[in-house]
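J.: Take a look at this one; I'll ask things after.
Values in this text are rule-based calculations from the coordinates and carry no lab data. Note that this is a predicted model, so its numbers are computed, not measured. As a convention, Cβ positions derive from the backbone with ideal geometry for all residues, glycine included, and neighbour counts pool all protein chains shown.
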Amino acid sequence: MAQLSSLSAEIETLSHVSSLIEAFRAFDSDNDGKINAQELGGLMGSLGYSPSEQDINTMLQEADTNSDGLLSISEFLDMNTKDLGLGGLETILKRAFQEFEFQGEDLVTGEELYEAFGNIGIGLSQDECQDIIAGMDGDGDGAISIEDFQLIVNSLI
């Protein structure tokens, strides 16, 4: 596994992606997992950008892979994370995710991540696993939904 300083950088990346998911959901006014150009403009403004209407329309056209005129959360994450990476952590998180799917869990805690890593032969400490979950935990409850876990991991692979 990567050195601790690298793990810290990877956890920071996870936290950034988690923040993008939270921001998307805040602007998804009808909670259908998609945003229109107006909502995208508000979202980008909340992230500190000041894009023009033309910029927003260009972003929407480029990222809207299914051409429905809306941006899904996956399309939004793809647009904003295409240059991010987690080194080796993304691979082991994907393997751990497969372990959670098998177990049918709704929420993932640091302890459960530690157990999943142990099951697949990854030797991270329980504290490191807690730190990974904390990096993805948008609401601070010590757990992340399996849906958000999958969104984050898939956006980085």
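J.: Note the full-extension length gain between A9 and D106 as 0.36 nm times their separation in residues minus their Cα-Cα distance, in nm to one decimal.
T.: Gain on extension, A9 to D106, equals 32.2 nm.
J.: Give the angle, between 0 and 90 degrees and rounded to the nearest 10, that separates the Cα long axis of helix 146-155 from the longest principal axis of the Cα atoms of the chain.
T.: The angle comes out near 70 degrees.
J.: Then there is this: Could you sort the peptides 73-79, 106-112 by per-residue average Cβ neighbour count (10 Å cutoff), highest mean leading?
T.: Details: 73-79: 19.4, 106-112: 17.3.
Going from most to least packed, we get 73-79, 106-112.
J.: I've got another one for you. Between (i) 1.01; (ii) 0.98; (iii) 0.95, which entry matches Rg/Rh (Cα atoms, Kirkwood Rh) as derived from the coordinates of this structure?
T.: (i)
J.: What residues of the range 105-138 lie in the reach of a label at L84, counting those whose backbone N is under 18 Å from a point 7 Å from the Cα along Cα→Cβ?
T.: 131-138
J.: Of S15, Q61, A134, which is farthest towards the positive pole of the chain's charge dipole, taken about the Cα centre with +1 and -1 on the beta-carbons of Lys, Arg and Asp, Glu respectively?
T.: Q61
J.: Packing-wise, with mean Cβ within 10 Å as the measure, how do 15-23, 49-57 rank, highest first?
T.: Details: 15-23: 17.4, 49-57: 12.2.
Final packing ranking: 15-23, 49-57.
J.: Quote the FRET efficiency, to the nearest 0.05, computed for N57 versus R95 with a Förster distance R0 of 35 Å and r equal to the Cβ-Cβ distance.
T.: Values: r = 39 Å, r/R0 = 1.12.
Once rounded, the FRET efficiency stands at 0.35.
J.: Next up: What's the center-to-center distance, using Cα atoms, between the range 53-84 and the range 24-39 in Å?
T.: The range 53-84 and the range 24-39 have Cα centres spaced 12 Å from each other.
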